[in-house]
Amino acid sequence: MLLAAGLGKRMRPLTDTRPKPLIEVAGKPLIDHVLDRLAASEVETAVVNVHYLADQMDAHLAGRRRPKVLISDERAGLLDSGGGVRKALPVLGKAPFIVCNCDSFWIEGPENNLDALKAAWDPERMDILMLVAATATSVGFDGRGDYHLDSEGLLARRRESETAPFAYAGVLLIKPDLFEGTPEVFSLNRLFDIAEAKGRLHGKRLDGIWLHVGTPAAVAEAEAKIVHSAVE
């Protein structure tokens with residue numbers, strides 16, 4: 001599931017005339033960077049929700065073959081991250097599935113991060129397995145971090161006064177039954193907190209460099225890092 005329906009307000013003025021997932025970084029739209037990583041991990045089908053400038057999204061994704069793209073239409077109204085996934089559940093099915101943001105991707109390290117995420121999944125211990133990135137080496141992220149990660153792989157959200165060493169990297173594996181009883185419109189953060197309270201929110205550290213592209217300035221930062229990494 002790719003979350004691509006947002007208004008992209010922080011990315012203005014670039015999003016005045018096109019949706020954020022179609023903003024180009026290093027000559028490629030953000031959503032294609034994410035879809036290419038899914039294809040490299042042999043994901044066969046991706047569900048993409050659309051709302052803002054949805055016709056542009058439809059046209060761009062129409063030619064995609066790997067992975068095959070199915071559209072979840074939210075033209076009638078935004079549902080937030082959790083509500084967007086909830087609406088797509090009939091297509092996503094009853095098995096655990098990947099959820100990705102469209103405003104971040106990564107430069108791979110020695111291992112394929114999506115393959116590593118899938119390999120680390122343990123449904124007996126986990127309801128959510130989240131890819132997390134070290135804030136110290138990330139590009140385009142200027143927050144105080146999101147989570148602490150312990151030696152057992154459990155995540156704990158930082159308190160308001162704290163700084164945490166890891167940020168949610170915009171990719172996770174989740175069980176669909178967590179959406180039972182949820183409202184039509186809600187944030188995935190609600191499910192993160194529920195899983196954490198049960199000791200079932202786990203993290204997998206990203207291997208490589210996370211690129212968070214949430215503002216116009218972050219586009220140039222990501223492009224510079226990509227060029228630098230290619231030279232190395």
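Details
- In the chain, a dipole from Cβ-located charges (positive for Lys and Arg, negative for Asp and Glu) runs towards its positive end, and of 6, 119, 43 it is 6 whose Cα lies farthest in that direction.
- Here the scattering of the stretch 24-99 is modelled by Debye summation over its C-alpha atoms, one equal scatterer each and no solvent; at q = 0.12, 0.23 Å⁻¹ the log10 of I(q)/I(0) is -0.34, -1.23.
- Per residue, the average separation of C-alpha pairs within less than 8 Å and at least 6 apart gives the stretch 56-159 a relative contact order of 9 percent.
- D_trans [Stokes-Einstein, Kirkwood Rh over alpha-carbon pairs] for the stretch 61-118, 20 °C, 1.002 mPa s, µm² s⁻¹: 153 µm²/s
- Global size of the stretch 105-162: 13.0, 35 Å for Rg and Dmax (C-alpha atoms, Rg to one decimal, Dmax whole).
- Computed over the chain: relative contact order in percent, which uses C-alpha pairs under 8 Å that are six or more apart: 25 percent
- Sequence ranges 161-170, 38-47, ranked by mean other-Cβ count within 10 angstrom, highest first: 161-170, 38-47
- Kirkwood radius, the stretch 1-60, all distinct C-alpha pairs, inverse of mean reciprocal distance: 12.0 Å.
- In the stretch 42-138, one over the average inverse separation of all distinct C-alpha pairs is 15.5 Å, which is the Kirkwood hydrodynamic radius.
- P(r) for the stretch 81-232, from all Cα pairs and a bin width of 5 Å, is 2, 9, 18, 21, 20, 16, 9, 4, 1, 0, 0 %, short bins first.
- Placing +1 on the Cβ of every Lys and Arg and -1 on the Cβ of every Asp and Glu, with no other charges, gives the stretch 80-232 a dipole of roughly 360 debye about its Cα centre.
Every number here is computed from the coordinates shown, using simple stated rules; none is lab data. Please read all numbers here as calculations on a predicted model, not as lab measurements. So basically every Cβ, Gly included, is an ideal-geometry build from the backbone, and we count neighbours across all protein chains shown.
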